[in-house]
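The values are calculated or read from the model by the stated rules, or taken from the named source; none is laboratory data. From a predicted model like this one, the values you see are computed outputs, not experimental measurements. In this analysis, Cβ positions are derived from the backbone assuming ideal geometry, glycine residues included, and neighbour counts consider all displayed protein chains. The protein model used for the area step is the full one, side chains on, heavy atoms only, and it has no ligands, DNA or RNA in it. Shrake-Rupley method; radii C 1.70, N 1.55, O 1.52, S 1.80 Å.
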Amino acid sequence: MHRFLSISSKSTSLKNQKQLHLPLVSSVSSATPKGQSCSHYFNQKSPSLGSRLGFDRVFSSGYFPNCVNLRGHERNGNGFLRLKGLVGEIRNYSSETDRESIDYDVVIVGAGPAGLSAAIRFKQLCREKNADFSVCVVEKGAEVGAHILSGNVFEPRALNELLPQWKDEEAPINVPVSSDKFWFLTKDRAISLPSPFDNKGNYVISLSQLVRWMGVKAEELGVEIYPGFAASEILYDEDNNVVGIGTNDMGVAKDGSRKENFQRGVALKGRITLLAEGCRGSLSQKIMKEYKLREKVQAQHQTYALGIKEVWEIDEKKHKPGAVLHTLGWPLDSKTYGGSFLYHMKDRQISIGLVVALNYHNPFLNPYEEFQKLKHHPSIKSLLEGGSVLQYGARTLNEGGFQSVPYPVFPGGAIIGCSAGFLNVPKIKGSHTAMKSGMLAAEATFGVLHGGSNMEAYWDALRSSWVWEELHRARNYRPAFEYGLFPGLALSALEHYVLKGKSPFTFKHGKPDHEATNVAKLHSSIQYPKPDGVLSFDVPTSLHRSNTNHNHDQPAHLRLRDPDIPETVNLPEHAGPESRYCPARVYEYVPDEKNQLKLQINAQNCLHCKACDIKDPKQNIEWTVPEGGGGPGYSVM
């Protein structure tokens, strides 16, 4: 049904990964009866609609969709274009204020674990009940999986429920955990501690590869997936109910003028809209504020961490497939929560990363440079020597857990996955809980559309599920570290080994992450060593490995609510922390013609990690979506 067109080679540097993953639009596999490519039909018959809806793009990162033949399209008496979709449904197209509007039963924003699980589960229910409902998934990455980054030691519990035959269907899950170690690092030593993790039955995977496979499974069930389209706004009806999303306009110049290739965004209308944008989703944040979803259940603020990761190819003699290592301690100080991970994948590859909680106090701390230091630890350096970096990336993650889960239902839809925040901190896992939340939301959605129930059933099902049980047991681990590393270790050991998650009390989180940043005068500047180009690298070199790309001539997607705050507050009071917490050097203070330092925003460098939206001391930076298809191009993360 689909054919994988991407090319891979162990000996090929991922610097050329983008060229290797370009869609072969001239290929004739699964195209038209005459052997013409899918894009041929759309470019010939309806170039605007085809390019605007993404039919001329590759679906699911290299898997080519069944083609749509527009020769038979017609307009009905109301002026709607009636188009037979990828799986035989009929779509209605209308024009509202020069923007095309497309109606679906369900619109899902984000083709990650939660969004795809929701789409798959919903279509499974359609088959079971012989119901004909349409599902559309929009994804801002150029390919499904292009923006997905995670550790990842994968717990297959949700996948076992969703697709029980995954082992027989070539899922990219084939490296079982073989060992599980936990170290406390000092500058020169690695002290072995009892491992608090139970990874028996889990697998070391690439999550970006897994969601690509899930994308194919979704398409096989009839889900329509449109990568390269960024959902930029929520659409409401006259009663303030959510009725879908709008994608952003394409072909807008930096000055706001329309370029020759301008294309108006599309309105994707859904009877139910599910937001699966991942951590700190921009639309999810607006919805939570608009409907006061945290206040509705007295949820605390969300807390976050920044994860920075590289994938290396190492010497085969050092490679131990399935070996898992977590560390605490150095290079972070005892007041900063975080730790590192190192997982042995397949094909001589390892994942190595550092996670730094964003409630750190010292404005001079630079998470990217701390990660570079980590790789020079004697116990880690010896493993990496002789190897090479294949890919680099960064992403924030939710750490608030049980206390920070908002009411996830709003009029017309629900928030699922990491947009709501279901990460299990002591497990260091969130993919399985995100997937389960998507499945539960799908079941509630089907009940609304087929059985006349309401979306509140999602909230009820969530609180009755193993997701809620897990989060409740794990609720005190993360806030325990508000008191420092060693008190946190003591309290979390008590929770894990004695109380077993059944303590009679619930800790509260400290200040929101942006408020935790101290003024610079309370700290000394940190002098980081220069990169050696062997184990540690400068930011431009790492960015190249992330395959990050944005069209330079477009409006900046990183916006300052007050353009004066960087020079009047952030720089004099906090020493310009945005120039350090960003792992892509998006923010730089450069002298102007009067030799006064001014903030320069290099938006084209953005990894879509969302750290700036979270950590800015005055919450002055607003992260919005750039043109669809921009951002990193992860393939093994």
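Just checking, which of Gly447, Gly510 is within 30 Å of the chain's Cα centre (by Cα), in a helix (DSSP H, G or I) and surrounded by fewer than 19 Cβ atoms within 10 Å (Cβ to Cβ)? Write out each step before concluding.
Details: Gly510 fails: in a helix (DSSP H, G or I).
Exactly one of Gly447, Gly510 is within 30 Å of the chain's Cα centre (by Cα), in a helix (DSSP H, G or I) and surrounded by fewer than 19 Cβ atoms within 10 Å (Cβ to Cβ), namely Gly447.
Return the pairs, sorted by first residue and then second, in which the second residue is among the aromatic types (Phe, Trp, Tyr), the first residue lies in the stretch 293-312 and is in a strand (DSSP E or B), the beta carbons are less than 7 Å apart, and the residues are 6+ apart or on different chains.
Filtered contacts from the stretch 293-312: Ile308/Tyr368; Ile308/Phe371; Glu310/Tyr392.
Pick out the one residue from Ser257, Ser284 that is crowded, with 22+ Cβ neighbours inside 10 Å, on the phi < 0 side of the Ramachandran plot and out of contact with any Gly (no Cβ under 8 Å at 6 or more places or on another chain). Before the answer, list the steps.
Details: Ser257 fails: crowded, with 22+ Cβ neighbours inside 10 Å.
Selected residue: Ser284, the only one of Ser257, Ser284 that is crowded, with 22+ Cβ neighbours inside 10 Å, on the phi < 0 side of the Ramachandran plot and out of contact with any Gly (no Cβ under 8 Å at 6 or more places or on another chain).
Tally up the residues in the stretch 182-220 that are part of a strand (DSSP E or B) and of a type in the set (A, V, I, L, M, F, W, C), please. Talk me through it step by step, then tell me what you get.
So in the stretch 182-220, the residues part of a strand (DSSP E or B) come out as 182-185, 190-193, 203-204.
Still in the running and of a type in the set (A, V, I, L, M, F, W, C): 182-185, 190-191, 193, 204.
Here the count works out to 8.
Which of (1) touching a strand residue (DSSP E or B) at 6+ places or on another chain (Cβ under 9 Å); (2) of a type in the set (Val, Ile, Thr); (3) assigned to a loop (DSSP other than H, G, I, E, B) does Thr541 not meet, given it meets every other one?
Failed condition: (3).
Given the conditions (1) closer than 26 Å to Lys200 by Cβ; (2) under 20 Å from the mean Cα position of the chain (by Cα), and given that Asp347 satisfies all but one, which numbered condition is not satisfied?
(2) is the only condition that Asp347 fails.
Failed condition for Asn240, given (1) crowded, with 22+ Cβ neighbours inside 10 Å; (2) touching a helix residue (DSSP H, G or I) at 6+ places or on another chain (Cβ under 9 Å), with all others met?
(1)
In the stretch 450-473, which residue that is touching a helix residue (DSSP H, G or I) at 6+ places or on another chain (Cβ under 7 Å) and outside any helix (DSSP H, G or I) is modelled with the lowest pLDDT?
It comes out as Ser453.
Is one or more of the residues making up the stretch 230-248 modelled with pLDDT of 95 or more, among the charged types (D, E, K, R) and outside any loop (DSSP other than H, G, I, E, B)?
yes
Which of the residues that make up the stretch 214-230 are over 26 Å from Asn160 (Cβ atoms) and open to solvent by 10 Å² or more (accessible area, probe 1.4 Å)?
The answer is Phe229, and nothing else.
Name every residue in the stretch 513-532 that is open to solvent by less than 30 Å² (accessible area, probe 1.4 Å) and over 18 Å from Gly484 (Cα atoms), in order of residue number. Give the derivation first.
Narrowing the stretch 513-532 to residues open to solvent by less than 30 Å² (accessible area, probe 1.4 Å): 513, 516-517, 520.
Matches in the stretch 513-532: Ala520 only.
Output the residues belonging to the stretch 117-136 that are outside any loop (DSSP other than H, G, I, E, B) and either in contact with a Gly (Cβ under 6 Å, 6 or more places away or on another chain) or of a type in the set (Asp, Glu) (or both).
Ser117, Ala118, Lys123, Glu128, listed by residue number.
Within 30 Å of Ser404 (Cα to Cα), open to solvent by 20 Å² or more (accessible area, probe 1.4 Å) and in a helix (DSSP H, G or I), is that true of Glu573?
Numbers: within 30 Å of Ser404 (Cα to Cα): yes; open to solvent by 20 Å² or more (accessible area, probe 1.4 Å): yes; in a helix (DSSP H, G or I): yes.
Judged against the criteria, Glu573 is a match.
Looking at Pro563, Pro479, Pro540, Pro504 in this structure, which one is surrounded by 13 or more Cβ atoms within 10 Å (Cβ to Cβ) and not basic (Lys, Arg)? It would help to see each step written out before you state the result.
Working: Pro563 fails: surrounded by 13 or more Cβ atoms within 10 Å (Cβ to Cβ); Pro540 fails: surrounded by 13 or more Cβ atoms within 10 Å (Cβ to Cβ); Pro504 fails: surrounded by 13 or more Cβ atoms within 10 Å (Cβ to Cβ).
Exactly one of Pro563, Pro479, Pro540, Pro504 is surrounded by 13 or more Cβ atoms within 10 Å (Cβ to Cβ) and not basic (Lys, Arg), namely Pro479.
Only one residue in Ile102, Ile148, Ile108 is surrounded by 22 or more Cβ atoms within 10 Å (Cβ to Cβ), in contact (Cβ under 8 Å) with a residue 24 or more places away in the chain, among the β-branched types (Val, Ile, Thr) and not in a strand (DSSP E or B). Which one? Even if it seems obvious, please write down each step before you answer.
Values: Ile102 fails: not in a strand (DSSP E or B); Ile108 fails: not in a strand (DSSP E or B).
From the options Ile102, Ile148, Ile108, the qualifying one is Ile148.
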